[in-house]
Amino acid sequence: MIAPPRHGGVRGGQAVRERTMGQEFKNHDMTMMFTIHNALRRELERIARITARVDDDPRHVLSCAVGWELFKNNLTIHHTSEDLTLWPVMQQALADRPDDLALLDAMESEHAVIDPLLVDIDAALADREGGLERLTGLTDTLNTLLRNHLLHEEREALTLMDTTLTNEQWAAFGKEQSGRHTDDIPTYLPWLLDGMNSDQLNQFLDNMPPPMRTAYESEWRIAYDDLDIWNTHSKTH
């Protein structure tokens, strides 16, 4: 089985600098972190378009879409990996720096508000009576809170990660997150790279282990496209 890419395992320094609002990271490669965040933002846009539709019941469209399950799974893995392997070791290292501890507390608190929204949305999708009325409000809230959280993390927490975490601790985070994707890497990687512009995609692929790149280009991307994760192809027939 080809192992999933880890943080630091796929390098793309220039691509990272282009997406970091002027930030420069000296110790750890943040390529995968920004790639994951951008993939989540992309899916938030797609979810918003679905819930704004009037030609179909968005509950049916969303609940039947592979994309919704992928979004939930990948967001949960990302947040869980941070909660288990980043915040605790950083809190220990920064025990005498109250302002930095407050930032870490905010990261955890934002996760604690965002993650239950996935359950609430699923409940609205299953509710035939009042679910439709709740769905738009819930997905709007998810969109706002998750976007704000990602930006907050990028603007403040990533710099703190870069200056606080040892190489071993950063690698442990990558191992935790990639380990949770071991079984779904043929779908996860194309999902991660979906919609990436050609320059960024080529740079990402150039830094990927050759067996993984070959599998992605010859099998995984095609199978992912065939999944039609938001059922968009059916609307063209």
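Observations on the model:
- Ratio of Rg to Rh over segment 183-236 (Cα coordinates, Kirkwood Rh, two decimals): 1.00
- Our coupling estimate for segment 199-212, obtained by passing each phi through the Karplus curve with A = 6.51, B = -1.76, C = 1.60 and θ = phi - 60°, is 5, 5, 4, 5, 5, 4, 5, 4, 9, 8, x, x, x, 5 Hz, Gly and Pro reported as x.
- With the charge dipole of segment 28-182 set up from +1 on Lys and Arg Cβ and -1 on Asp and Glu Cβ about the Cα centre, the Cα lying farthest toward the positive end among the listed residues Thr144, Pro98, Ala39 is that of Ala39.
- Distance between the pseudo-spin-label points of Asp206 and Asp226 (7 Å out from Cα toward the beta carbon): 3.1 nm.
- Look at where the Cα atoms of segment 96-169 and of segment 203-226 average out, and the two centres are 30 Å apart.
- Set of segment 138-154 residues, backbone N closer than 15 Å to the point 7 Å along the Cα-Cβ line of Leu117: 138-153
- Intensity falloff of the chain expressed as log10 I(q)/I(0), Debye formula with alpha-carbon point scatterers, at q = 0.10, 0.11, 0.12 Å⁻¹: -0.50, -0.61, -0.72
- Net lengthening on full extension, Asp199/Ser63 (0.36 nm per residue, minus Cα-Cα): 45.6 nm
- Sorted ascending by nearby beta carbons within 10 Å, beginning with the fewest, Val61, Val66 become Val66, Val61.
- Ranked Glu45, Glu129, criterion: other C-beta atoms within 10 Å, fewest first: Glu129, Glu45
- Farthest positive-ward along the chain dipole, Cα basis, beta-carbon charges - from Asn231, Ala52, Trp87: Asn231
- Full extension of the chain segment joining Glu133 with Trp87 gains 12.9 nm, where the gain is 0.36 nm per residue of separation less the Cα-Cα distance.
- Cα gyration tensor, segment 99-171 - rounded (a/c under 1.5), prolate or oblate: prolate
- Shape of segment 129-206, Cα gyration tensor, a/c cut at 1.5: prolate
- Packing-based exposure ordering (other Cβ within 10 Å, fewest first) of Phe71, Phe34: Phe34, Phe71
- Short-range pairs are left out: with C-alpha atoms under 8 Å and at least six residues apart, the relative contact order of the chain is 35 percent.
Just so you know, all these numbers are worked out from the coordinates, no wet-lab data involved. Nothing here was measured: the structure is a model prediction, and the numbers come from that model. Glycine also receives a Cβ, built like all others from the backbone with ideal geometry; neighbour counts cover every protein chain displayed.
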